[in-house]
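Everything below concerns the one structure shown next.
The values are calculated or read from the model by the stated rules, or taken from the named source; none is laboratory data. What you see is a predicted model, and the numbers here were worked out from it, not measured in a lab. We place every Cβ from the backbone using ideal geometry, glycine too, and count neighbours over all the protein chains shown. Calculation scope for accessible area: heavy atoms of the full protein, side chains included, ligands and nucleic acids excluded. Shrake-Rupley method; radii C 1.70, N 1.55, O 1.52, S 1.80 Å.
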Amino acid sequence: MAVVKANAYGHGLVATARELEVIGADWFGVANVAEGAVLREAGIMLSILLLGATLPEEMEEAARHGLALTVSSFDEAKLLDRVARALGEPVEVHFKVDTGMGRLGCWHPRAGMELARIRRLPGLMVRGLWTHFASADDDARMTKAQWKAVAPLFAANRDLLCHAANSPAVTRRYGFHANMVRAGLALYGIAPNPADQSLGLEPALTWKSRVSFLRAVEAGRTVSYGATYRLPTRQRLAIVAMGYGDGYFRLHSNASEMLVRGKRCPIRGRVTMDQIILDVSKVPGCRVGDEVVALGRQGREEITARELAAQARTIPWEILTNVGARVPRFYKNFRTLKEKAALS
Ligand SMILES: *Cc1c(COP(=O)(O)O)cnc(C)c1O
(Lines give C-alpha, C1' and ligand atoms only; values in the text may rest on other atoms or scores of the structure.)
Protein backbone atom coordinates (compact mmCIF):
# COMPACT_ATOMS: atom_id res chain seq x y z
CA MET A 1 0.00 0.00 0.00
CA ALA A 2 1.37 3.34 -1.05
CA VAL A 3 0.43 5.85 1.62
CA VAL A 4 -0.46 9.11 -0.14
CA LYS A 5 -2.25 10.99 2.62
CA ALA A 6 -1.49 14.67 3.30
CA ASN A 7 -1.02 15.52 -0.39
CA ALA A 8 1.27 12.49 -0.85
CA TYR A 9 3.51 13.75 1.95
CA GLY A 10 3.58 17.15 0.28
CA HIS A 11 4.60 15.80 -3.13
CA GLY A 12 1.21 16.41 -4.78
CA LEU A 13 -1.57 13.85 -4.41
CA VAL A 14 -2.85 13.13 -7.90
CA ALA A 15 0.37 13.20 -9.93
CA THR A 16 2.17 11.12 -7.32
CA ALA A 17 -0.65 8.60 -7.05
CA ARG A 18 -0.85 8.19 -10.84
CA GLU A 19 2.86 7.42 -10.97
CA LEU A 20 2.71 5.00 -8.03
CA GLU A 21 -0.19 3.20 -9.68
CA VAL A 22 1.85 2.69 -12.85
CA ILE A 23 4.94 1.48 -10.99
CA GLY A 24 3.03 -1.14 -9.05
CA ALA A 25 1.10 0.01 -6.00
CA ASP A 26 -1.84 -2.27 -5.20
CA TRP A 27 -3.55 -0.02 -2.70
CA PHE A 28 -3.52 3.63 -1.73
CA GLY A 29 -3.77 4.72 1.89
CA VAL A 30 -5.36 8.11 2.58
CA ALA A 31 -6.51 9.79 5.76
CA ASN A 32 -10.09 10.65 4.96
CA VAL A 33 -12.99 10.72 2.51
CA ALA A 34 -11.94 14.06 1.00
CA GLU A 35 -8.53 12.70 -0.03
CA GLY A 36 -10.11 9.52 -1.41
CA ALA A 37 -12.65 11.58 -3.35
CA VAL A 38 -9.88 13.65 -4.99
CA LEU A 39 -8.25 10.44 -6.24
CA ARG A 40 -11.53 9.04 -7.57
CA GLU A 41 -12.42 12.33 -9.25
CA ALA A 42 -9.02 12.21 -10.97
CA GLY A 43 -10.05 8.84 -12.41
CA ILE A 44 -7.94 6.62 -10.18
CA MET A 45 -9.53 3.20 -9.93
CA LEU A 46 -7.09 1.45 -7.59
CA SER A 47 -8.27 0.24 -4.18
CA ILE A 48 -8.16 3.01 -1.58
CA LEU A 49 -8.24 2.54 2.18
CA LEU A 50 -9.28 5.30 4.55
CA LEU A 51 -6.75 4.99 7.38
CA GLY A 52 -8.76 7.27 9.65
CA ALA A 53 -12.21 6.79 11.11
CA THR A 54 -15.24 7.90 9.09
CA LEU A 55 -18.06 9.94 10.60
CA PRO A 56 -21.57 8.49 10.14
CA GLU A 57 -22.53 11.38 7.86
CA GLU A 58 -19.49 10.74 5.62
CA MET A 59 -20.16 7.04 5.13
CA GLU A 60 -22.46 7.37 2.16
CA GLU A 61 -20.03 9.53 0.20
CA ALA A 62 -17.21 7.10 1.00
CA ALA A 63 -19.31 4.20 -0.23
CA ARG A 64 -20.32 6.00 -3.42
CA HIS A 65 -16.65 6.58 -4.22
CA GLY A 66 -15.90 2.91 -3.70
CA LEU A 67 -13.49 3.58 -0.85
CA ALA A 68 -12.61 0.92 1.70
CA LEU A 69 -13.27 2.03 5.26
CA THR A 70 -11.43 1.30 8.47
CA VAL A 71 -13.77 0.12 11.22
CA SER A 72 -12.76 -0.37 14.83
CA SER A 73 -15.94 -1.71 16.39
CA PHE A 74 -19.12 -3.61 15.68
CA ASP A 75 -21.17 -0.48 16.38
CA GLU A 76 -19.28 1.49 13.76
CA ALA A 77 -19.61 -1.40 11.32
CA LYS A 78 -23.36 -1.63 11.96
CA LEU A 79 -23.87 2.02 10.95
CA LEU A 80 -21.90 1.43 7.78
CA ASP A 81 -23.84 -1.77 7.09
CA ARG A 82 -27.06 0.23 7.15
CA VAL A 83 -25.64 2.75 4.67
CA ALA A 84 -24.41 -0.03 2.39
CA ARG A 85 -27.76 -1.81 2.36
CA ALA A 86 -29.60 1.42 1.62
CA LEU A 87 -27.30 1.93 -1.37
CA GLY A 88 -27.72 -1.69 -2.42
CA GLU A 89 -23.98 -2.19 -2.80
CA PRO A 90 -21.50 -3.93 -0.51
CA VAL A 91 -18.92 -1.68 1.15
CA GLU A 92 -15.36 -2.90 1.74
CA VAL A 93 -13.93 -2.64 5.22
CA HIS A 94 -10.63 -3.30 6.93
CA PHE A 95 -11.04 -4.13 10.61
CA LYS A 96 -8.47 -2.43 12.79
CA VAL A 97 -6.99 -3.95 15.91
CA ASP A 98 -5.34 -1.88 18.62
CA THR A 99 -2.20 -3.59 19.85
CA GLY A 100 -0.71 -0.62 21.66
CA MET A 101 -0.98 2.48 19.50
CA GLY A 102 -4.11 3.45 21.44
CA ARG A 103 -5.62 5.46 18.62
CA LEU A 104 -8.13 3.61 16.40
CA GLY A 105 -8.88 -0.10 16.60
CA CYS A 106 -10.49 -2.66 18.82
CA TRP A 107 -8.32 -3.66 21.79
CA HIS A 108 -6.77 -6.96 20.68
CA PRO A 109 -8.10 -9.49 23.22
CA ARG A 110 -11.65 -8.70 22.09
CA ALA A 111 -10.86 -8.31 18.40
CA GLY A 112 -11.52 -11.90 17.30
CA MET A 113 -15.08 -11.88 18.61
CA GLU A 114 -15.78 -8.41 17.27
CA LEU A 115 -14.49 -9.38 13.84
CA ALA A 116 -16.67 -12.49 13.75
CA ARG A 117 -19.76 -10.35 14.39
CA ILE A 118 -18.72 -7.80 11.74
CA ARG A 119 -18.19 -10.56 9.19
CA ARG A 120 -21.83 -11.55 9.56
CA LEU A 121 -23.13 -8.11 8.52
CA PRO A 122 -24.66 -8.62 5.06
CA GLY A 123 -23.93 -5.15 3.68
CA LEU A 124 -20.19 -5.27 4.33
CA MET A 125 -17.39 -7.07 2.61
CA VAL A 126 -14.52 -7.48 5.08
CA ARG A 127 -11.34 -7.34 3.01
CA GLY A 128 -8.64 -6.50 5.52
CA LEU A 129 -7.40 -6.84 9.06
CA TRP A 130 -4.75 -4.54 10.42
CA THR A 131 -2.88 -2.91 13.24
CA HIS A 132 -0.42 -0.04 13.59
CA PHE A 133 2.94 0.05 15.38
CA ALA A 134 3.57 2.83 17.88
CA SER A 135 7.37 2.76 17.99
CA ALA A 136 8.69 0.69 15.10
CA ASP A 137 11.59 3.11 14.61
CA ASP A 138 13.03 2.91 18.11
CA ASP A 139 11.46 0.22 20.29
CA ALA A 140 11.96 -3.33 19.07
CA ARG A 141 10.51 -4.82 22.24
CA MET A 142 7.23 -2.99 21.94
CA THR A 143 7.03 -3.64 18.21
CA LYS A 144 7.52 -7.38 18.74
CA ALA A 145 4.91 -7.40 21.50
CA GLN A 146 2.43 -5.66 19.21
CA TRP A 147 3.12 -8.20 16.49
CA LYS A 148 2.66 -11.06 18.94
CA ALA A 149 -0.71 -9.64 19.93
CA VAL A 150 -2.01 -9.57 16.37
CA ALA A 151 -0.30 -12.61 14.82
CA PRO A 152 -2.88 -15.23 15.97
CA LEU A 153 -5.66 -13.11 14.51
CA PHE A 154 -3.81 -12.78 11.22
CA ALA A 155 -3.24 -16.55 11.19
CA ALA A 156 -6.93 -17.23 11.79
CA ASN A 157 -8.01 -14.93 8.95
CA ARG A 158 -5.76 -15.82 6.07
CA ASP A 159 -8.48 -14.96 3.57
CA LEU A 160 -8.08 -11.27 4.51
CA LEU A 161 -5.44 -8.73 3.61
CA CYS A 162 -3.43 -8.58 6.81
CA HIS A 163 -1.15 -5.59 7.31
CA ALA A 164 0.82 -3.97 10.10
CA ALA A 165 4.13 -2.51 8.91
CA ASN A 166 4.71 1.19 8.25
CA SER A 167 8.03 2.46 6.80
CA PRO A 168 10.09 2.07 9.98
CA ALA A 169 8.80 -1.48 10.49
CA VAL A 170 9.89 -2.31 6.93
CA THR A 171 13.27 -0.60 6.95
CA ARG A 172 14.20 -1.93 10.41
CA ARG A 173 13.69 -5.39 8.83
CA TYR A 174 11.41 -6.95 11.41
CA GLY A 175 9.81 -9.06 8.69
CA PHE A 176 6.35 -8.27 10.06
CA HIS A 177 4.99 -7.94 6.55
CA ALA A 178 1.98 -10.31 6.61
CA ASN A 179 0.58 -9.85 3.11
CA MET A 180 0.80 -6.10 2.74
CA VAL A 181 2.88 -3.22 4.10
CA ARG A 182 1.83 0.42 4.30
CA ALA A 183 4.79 2.50 3.21
CA GLY A 184 4.82 6.27 3.41
CA LEU A 185 8.07 8.05 4.18
CA ALA A 186 10.36 5.35 2.73
CA LEU A 187 8.43 5.49 -0.52
CA TYR A 188 9.45 9.13 -0.86
CA GLY A 189 13.08 8.18 -0.44
CA ILE A 190 13.72 8.96 3.20
CA ALA A 191 14.94 6.42 5.74
CA PRO A 192 12.71 6.71 8.81
CA ASN A 193 15.62 5.92 11.11
CA PRO A 194 18.97 7.71 10.70
CA ALA A 195 20.65 4.32 11.24
CA ASP A 196 19.17 3.01 8.01
CA GLN A 197 21.32 5.06 5.62
CA SER A 198 22.68 1.81 4.12
CA LEU A 199 19.34 1.29 2.40
CA GLY A 200 20.48 3.78 -0.22
CA LEU A 201 17.17 5.58 -0.43
CA GLU A 202 17.19 8.75 -2.53
CA PRO A 203 14.81 11.57 -1.62
CA ALA A 204 12.30 12.17 -4.39
CA LEU A 205 11.73 15.80 -3.56
CA THR A 206 13.78 18.95 -3.98
CA TRP A 207 12.32 22.18 -2.65
CA LYS A 208 13.73 25.26 -4.24
CA SER A 209 13.24 28.93 -4.87
CA ARG A 210 15.32 31.72 -6.36
CA VAL A 211 17.19 34.81 -5.29
CA SER A 212 14.76 37.66 -5.89
CA PHE A 213 16.98 40.54 -4.73
CA LEU A 214 20.60 41.11 -3.69
CA ARG A 215 22.11 43.77 -1.50
CA ALA A 216 25.11 44.64 0.63
CA VAL A 217 24.38 45.57 4.25
CA GLU A 218 26.82 47.27 6.58
CA ALA A 219 28.04 45.93 9.91
CA GLY A 220 25.93 46.92 12.90
CA ARG A 221 22.59 46.94 11.08
CA THR A 222 19.85 44.42 11.80
CA VAL A 223 17.61 42.41 9.48
CA SER A 224 14.03 41.14 9.48
CA TYR A 225 11.23 41.27 12.08
CA GLY A 226 12.22 41.62 15.67
CA ALA A 227 15.74 42.66 14.60
CA THR A 228 17.01 39.33 15.91
CA TYR A 229 20.19 39.37 13.83
CA ARG A 230 22.77 42.16 13.91
CA LEU A 231 25.45 42.00 11.24
CA PRO A 232 28.90 41.65 12.85
CA THR A 233 30.52 42.52 9.52
CA ARG A 234 29.43 43.83 6.14
CA GLN A 235 27.57 41.04 4.31
CA ARG A 236 26.07 40.37 0.94
CA LEU A 237 22.48 39.33 1.54
CA ALA A 238 20.16 37.52 -0.84
CA ILE A 239 16.41 37.78 -0.47
CA VAL A 240 14.80 34.43 -1.22
CA ALA A 241 11.20 34.18 -2.38
CA MET A 242 10.07 31.63 0.20
CA GLY A 243 8.71 31.83 3.72
CA TYR A 244 6.56 30.21 6.33
CA GLY A 245 3.60 30.90 4.02
CA ASP A 246 5.14 28.20 1.83
CA GLY A 247 5.53 25.86 4.79
CA TYR A 248 9.16 26.63 5.62
CA PHE A 249 9.29 26.62 9.40
CA ARG A 250 9.68 29.91 11.25
CA LEU A 251 11.73 27.90 13.73
CA HIS A 252 14.44 27.93 11.06
CA SER A 253 15.02 31.64 11.74
CA ASN A 254 18.75 32.21 12.38
CA ALA A 255 19.09 28.43 12.51
CA SER A 256 19.22 26.83 9.05
CA GLU A 257 21.00 27.08 5.75
CA MET A 258 20.07 27.03 2.08
CA LEU A 259 22.20 26.16 -0.94
CA VAL A 260 23.25 28.73 -3.52
CA ARG A 261 25.78 27.83 -6.26
CA GLY A 262 26.59 24.66 -4.33
CA LYS A 263 27.42 26.47 -1.09
CA ARG A 264 25.70 26.45 2.28
CA CYS A 265 24.39 29.91 3.16
CA PRO A 266 23.04 30.77 6.62
CA ILE A 267 19.61 32.26 7.17
CA ARG A 268 19.86 35.69 8.80
CA GLY A 269 17.07 36.91 11.05
CA ARG A 270 13.50 35.72 11.16
CA VAL A 271 11.88 33.70 8.43
CA THR A 272 8.94 35.84 7.27
CA MET A 273 5.76 34.76 5.53
CA ASP A 274 7.04 35.23 1.99
CA GLN A 275 10.75 36.04 2.18
CA ILE A 276 13.91 34.77 3.76
CA ILE A 277 17.25 36.56 4.07
CA LEU A 278 20.40 34.58 3.29
CA ASP A 279 24.01 35.49 3.80
CA VAL A 280 25.65 34.89 0.42
CA SER A 281 28.93 36.64 1.28
CA LYS A 282 30.81 33.43 0.47
CA VAL A 283 29.13 32.86 -2.88
CA PRO A 284 31.11 34.65 -5.57
CA GLY A 285 29.07 35.60 -8.58
CA CYS A 286 25.70 35.22 -6.85
CA ARG A 287 23.02 36.86 -9.00
CA VAL A 288 19.34 37.65 -8.91
CA GLY A 289 17.57 34.60 -10.32
CA ASP A 290 20.01 32.07 -8.87
CA GLU A 291 18.49 28.80 -7.76
CA VAL A 292 18.20 28.43 -3.98
CA VAL A 293 17.74 24.93 -2.57
CA ALA A 294 16.00 24.75 0.81
CA LEU A 295 15.72 20.95 0.77
CA GLY A 296 17.65 18.64 -1.51
CA ARG A 297 20.90 18.54 -3.40
CA GLN A 298 22.82 21.22 -5.22
CA GLY A 299 26.30 20.45 -6.49
CA ARG A 300 28.03 18.41 -3.81
CA GLU A 301 25.97 19.74 -0.93
CA GLU A 302 22.69 18.37 0.36
CA ILE A 303 20.16 19.58 2.90
CA THR A 304 18.08 16.66 4.10
CA ALA A 305 14.61 16.58 5.60
CA ARG A 306 16.23 15.06 8.68
CA GLU A 307 18.55 18.05 9.08
CA LEU A 308 15.69 20.53 8.71
CA ALA A 309 13.59 18.47 11.11
CA ALA A 310 16.28 18.49 13.79
CA GLN A 311 16.60 22.28 13.54
CA ALA A 312 12.84 22.76 13.83
CA ARG A 313 12.48 20.19 16.63
CA THR A 314 10.29 17.94 14.50
CA ILE A 315 10.50 14.84 12.28
CA PRO A 316 11.09 14.48 8.51
CA TRP A 317 7.41 13.58 8.00
CA GLU A 318 6.33 17.05 9.16
CA ILE A 319 8.93 18.84 7.02
CA LEU A 320 7.46 17.17 3.92
CA THR A 321 3.77 17.49 4.75
CA ASN A 322 4.29 21.13 5.58
CA VAL A 323 5.33 22.12 2.03
CA GLY A 324 2.46 24.45 1.28
CA ALA A 325 -0.23 24.77 -1.36
CA ARG A 326 1.46 27.91 -2.75
CA VAL A 327 4.50 25.94 -3.91
CA PRO A 328 4.11 24.71 -7.49
CA ARG A 329 5.10 21.07 -8.03
CA PHE A 330 7.07 19.95 -11.08
CA TYR A 331 7.54 16.28 -11.87
CA LYS A 332 10.63 14.95 -13.58
CA ASN A 333 10.99 11.48 -15.08
CA PHE A 334 7.43 10.49 -14.30
CA ARG A 335 6.28 7.85 -16.75
CA THR A 336 2.69 8.92 -16.40
CA LEU A 337 3.49 12.49 -17.35
CA LYS A 338 5.67 11.49 -20.30
CA GLU A 339 2.86 9.34 -21.63
CA LYS A 340 0.51 12.24 -21.26
CA ALA A 341 2.89 14.55 -23.10
CA ALA A 342 3.23 11.97 -25.86
CA LEU A 343 -0.55 11.84 -26.26
CA SER A 344 -1.09 15.56 -26.56
C1 LIG B 1 0.78 7.43 7.80
C2 LIG B 1 0.56 6.01 8.06
C3 LIG B 1 1.41 5.03 7.54
C4 LIG B 1 2.69 5.36 6.81
O5 LIG B 1 3.65 5.73 7.74
P6 LIG B 1 5.20 5.92 7.32
O7 LIG B 1 5.91 5.92 8.61
O8 LIG B 1 5.28 7.23 6.63
O9 LIG B 1 5.54 4.78 6.43
C10 LIG B 1 1.09 3.71 7.73
N11 LIG B 1 -0.02 3.36 8.42
C12 LIG B 1 -0.85 4.28 8.95
C13 LIG B 1 -2.05 3.84 9.71
C14 LIG B 1 -0.59 5.62 8.81
O15 LIG B 1 -1.42 6.52 9.36
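Across the range 303-317, a minimum of one residue is classified as part of a strand (DSSP E or B), at pLDDT 95 or above and in contact with a strand residue (DSSP E or B) (Cβ under 7 Å, 6 or more places away or on another chain). In the range 208-229 there is no residue matching the filter, namely being within 16 Å of the ligand (Cβ to nearest atom) and of a type in the set (S, T, N, Q).
Only residues that are of a type outside the set (D, E, K, R) and under 25 Å from Gly10 (Cβ atoms) were counted across the range 207-257, and they come to 21.
Might you check whether a residue that is open to solvent by 40 Å² or more (accessible area, probe 1.4 Å), within 16 Å of the ligand (Cβ to nearest atom) and at pLDDT 95 or above occurs anywhere in the range 49-56? For the range 49-56, residues open to solvent by 40 Å² or more (accessible area, probe 1.4 Å), within 16 Å of the ligand (Cβ to nearest atom) and at pLDDT 95 or above: present.
Gln311 meets all of the listed conditions (1) within 24 Å of the chain's Cα centre (by Cα); (2) within 30 Å of Ile23 (Cβ to Cβ) but one, namely (2).
Out of all the residues in the range 332-341, is one or more hydroxyl-bearing (Ser, Thr, Tyr), assigned to a loop (DSSP other than H, G, I, E, B) and outside the structural domain of Ala8 (by TED's automatic domain parsing)? No: the range 332-341 contains no residue that is hydroxyl-bearing (Ser, Thr, Tyr), assigned to a loop (DSSP other than H, G, I, E, B) and outside the structural domain of Ala8 (by TED's automatic domain parsing). Counting only helices (runs of 4 or more DSSP H) that sit wholly inside the range 88-206, those with at least 2 residues that are open to solvent by 30 Å² or more (accessible area, probe 1.4 Å) and within 16 Å of the ligand (Cβ to nearest atom) are 140-156. Within the bounds of the range 8-29, is there any residue that is more than 18 Å from Thr336 (Cβ to Cβ), open to solvent by 40 Å² or more (accessible area, probe 1.4 Å) and touching a helix residue (DSSP H, G or I) at 6+ places or on another chain (Cβ under 8 Å)? No, that holds for no residue. Going through (1) surrounded by 15 or more Cβ atoms within 10 Å (Cβ to Cβ); (2) in contact (Cβ under 8 Å) with a residue 24 or more places away in the chain; (3) assigned by TED's automatic domain parsing to the domain that holds Met258 one by one, Val327 falls short only on (3). Starting from residues that are among the polar types (S, T, N, Q) and within 12 Å of Arg268 (Cα to Cα), keep the ones in the range 214-247 and report whichever is least open to solvent (accessible area, probe 1.4 Å). The qualifying residue least open to solvent (accessible area, probe 1.4 Å) is Gln235. Pairs linking a residue in the range 270-291 that is closer than 16 Å to Thr222 by Cα and at pLDDT 95 or above to a residue that is open to solvent by 30 Å² or more (accessible area, probe 1.4 Å) and β-branched (Val, Ile, Thr), with Cβ atoms under 6 Å and 6 or more positions apart or on different chains, are Arg270/Thr228.
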